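S.K.: Next up is a structure, given as structure tokens.
The values are calculated or read from the model by the stated rules, or taken from the named source; none is laboratory data. These numbers were taken from a predicted model, which means no experiment stands behind them. Positions of Cβ are generated from backbone atoms using ideal geometry, with glycine treated the same way; all protein chains shown enter the neighbour counts.
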């Protein structure tokens, strides 16, 4: 077979598909990110901010489906809207949370609870997209999430490990930016990084021989099409090979942790995902997203919440304890986010419906001033009375905590200007001075 002639005849999408199959079958590996090269590269204008001296990494915990603020971070004791969920004190005088947040309550002094969150989107898909990108979803462009922005503007700290990782479900697109800036997907934290070792029937000599052949096949196309997206694909391919051969691959193996530590986080995918996230940021991975699904509780809210909220509480409490004990909380930003809240009014099915007007999120670690509540809802948790925080402002705060300049402009393929938080501004008073 004349491979040079074959690859010359392929268009780019066909060739990418061919090379993906080559990686999986010919080389015996398939650890490349799921999102393949975008159609075009983003051309960046202006200078990006750098924070090379002490980079802040992010653990982004996303409550998929719309977490009830009333039953977690913004309870309203003594009101009809509270329902059967009891209210408990935290370790900060005057700050109360829902009864199922007892582990988190021990760490309120490290956190800033944002009770003034408000969104313009009340449908899951649109609200999810807005929270992750700061932009409304439109059909003509796909926007990157903040993890991709971090990679684009600051890059990786540990060059052996991917800098942007999603564990389980999460925002998986690199948007209009290069695909190698997008996230690597880890489906099951207990299984680690799958297909990252040589098959039993392939030894190092055979693998290296195949690499040389693959490089020769690739050279003709790369020389012919000297485009940024082609280079981005090759960079992803090379990064995958580097990771396979690196001792840092052990970072993905939760069996390296003691049984006691694993139990502290909870024996479920979310808990183990949070533990894996801790291992990753401990090894200087810049951004890790972990999702907990099941929050869309239109019915039987309080029975289902009794099962779900403790999963969040256990993992979040263990994470904050672990990061503090290890001495890395000051360089790790822990984010608790969701697309919207739930209605104060309990419906006929003992559930709460979608409610974007008022909800809660949380930030901890890094340079966040702990022990405070920002924003206030009215007596029924229905409207934000003071210090309203938009989605753009929330993301601008995350970006600023990491060291990104929220005014830096990136030009999209269509030469439209975009910023990391869509003109959002950092929340006043949230950072330590």
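S.K.: Regarding residue 283, is this residue farther than 25 Å from residue 427 by Cα, surrounded by fewer than 22 Cβ atoms within 10 Å (Cβ to Cβ), within 21 Å of the chain's Cα centre (by Cα) and in contact (Cβ under 8 Å) with a residue 24 or more places away in the chain?
M.R.: Working: farther than 25 Å from residue 427 by Cα: yes; surrounded by fewer than 22 Cβ atoms within 10 Å (Cβ to Cβ): yes; within 21 Å of the chain's Cα centre (by Cα): yes; in contact (Cβ under 8 Å) with a residue 24 or more places away in the chain: yes.
Answer is yes for this residue.
S.K.: Still on this structure: I'm told residue 346 meets every condition in (1) surrounded by 18 or more Cβ atoms within 10 Å (Cβ to Cβ); (2) assigned to a strand (DSSP E or B) except one. Can you identify the failing condition by its number?
M.R.: (2)
S.K.: Right, here's the next one. Evaluate the following for residue 337: is it closer than 21 Å to residue 90 by Cα, crowded, with 17+ Cβ neighbours inside 10 Å, modelled with pLDDT of 95 or more and more than 23 Å from the chain's Cα centre (by Cα)?
M.R.: Values: closer than 21 Å to residue 90 by Cα: yes; crowded, with 17+ Cβ neighbours inside 10 Å: yes; modelled with pLDDT of 95 or more: yes; more than 23 Å from the chain's Cα centre (by Cα): no.
Spelling it out, it is not the case that residue 337 is closer than 21 Å to residue 90 by Cα, crowded, with 17+ Cβ neighbours inside 10 Å, modelled with pLDDT of 95 or more and more than 23 Å from the chain's Cα centre (by Cα).
S.K.: If you don't mind, there's one more thing I want to ask. Here are 54, 24: which of them is out of contact with any strand residue (DSSP E or B) (no Cβ under 7 Å at 6 or more places or on another chain) and modelled with pLDDT of 50 or more?
M.R.: On the way: 24 fails: modelled with pLDDT of 50 or more.
Of 54, 24, the one residue that is out of contact with any strand residue (DSSP E or B) (no Cβ under 7 Å at 6 or more places or on another chain) and modelled with pLDDT of 50 or more is 54.
S.K.: Does residue 315 fit the bill of being buried (at least 24 other Cβ atoms within 10 Å of the Cβ), part of a helix (DSSP H, G or I) and at pLDDT 95 or above? Even if it seems obvious, please write down each step before you answer.
M.R.: On the way: buried (at least 24 other Cβ atoms within 10 Å of the Cβ): yes; part of a helix (DSSP H, G or I): yes; at pLDDT 95 or above: yes.
The answer is yes for residue 315.
S.K.: Is at least one residue of the stretch 294-305 at negative phi, touching a residue at least 40 places away in the same chain (Cβ under 8 Å) and within 17 Å of the chain's Cα centre (by Cα)?
M.R.: no
S.K.: So which residues in the stretch 318-342 are more than 25 Å from residue 144 (Cβ to Cβ) and in a strand (DSSP E or B)?
M.R.: Going through the stretch 318-342, the residues more than 25 Å from residue 144 (Cβ to Cβ) turn out to be 318-330, 341-342.
Across the stretch 318-342, the qualifying residues are 341, 342.
S.K.: Any idea which residue in the stretch 352-369 is nearest to the chain's Cα centre (by Cα), counting only those that are farther than 17 Å from residue 123 by Cα and outside any strand (DSSP E or B)?
M.R.: Residue satisfying both the conditions and the ranking: 366.
S.K.: So, of the residues in the stretch 319-333 that are more than 16 Å from residue 104 (Cα to Cα) and in contact (Cβ under 8 Å) with a residue 60 or more places away in the chain, which turns out to be surrounded by the fewest Cβ atoms within 10 Å (Cβ to Cβ)?
M.R.: Within the stretch 319-333, the subset more than 16 Å from residue 104 (Cα to Cα) is 326-328, 330-332.
Then keep just the ones that are in contact (Cβ under 8 Å) with a residue 60 or more places away in the chain; that gives 331-332.
Values: 331: 16, 332: 23.
The extreme case among them is 331.
S.K.: Okay, next question. Taking the residues in the stretch 76-106 that are in contact with a strand residue (DSSP E or B) (Cβ under 7 Å, 6 or more places away or on another chain) and touching a residue at least 24 places away in the same chain (Cβ under 8 Å) as candidates, determine which candidate is farthest from residue 311 (Cα to Cα).
M.R.: Our first condition is that a residue be in contact with a strand residue (DSSP E or B) (Cβ under 7 Å, 6 or more places away or on another chain); within the stretch 76-106, this holds for 77, 85, 87-90, 95-99, 102, 104-105.
Remaining after also requiring touching a residue at least 24 places away in the same chain (Cβ under 8 Å): 85, 95, 97-98, 102, 104.
On the way: 85: 16, 95: 21, 97: 15, 98: 14, 102: 11, 104: 11 Å.
Among those that are in contact with a strand residue (DSSP E or B) (Cβ under 7 Å, 6 or more places away or on another chain) and touching a residue at least 24 places away in the same chain (Cβ under 8 Å), it is 95.
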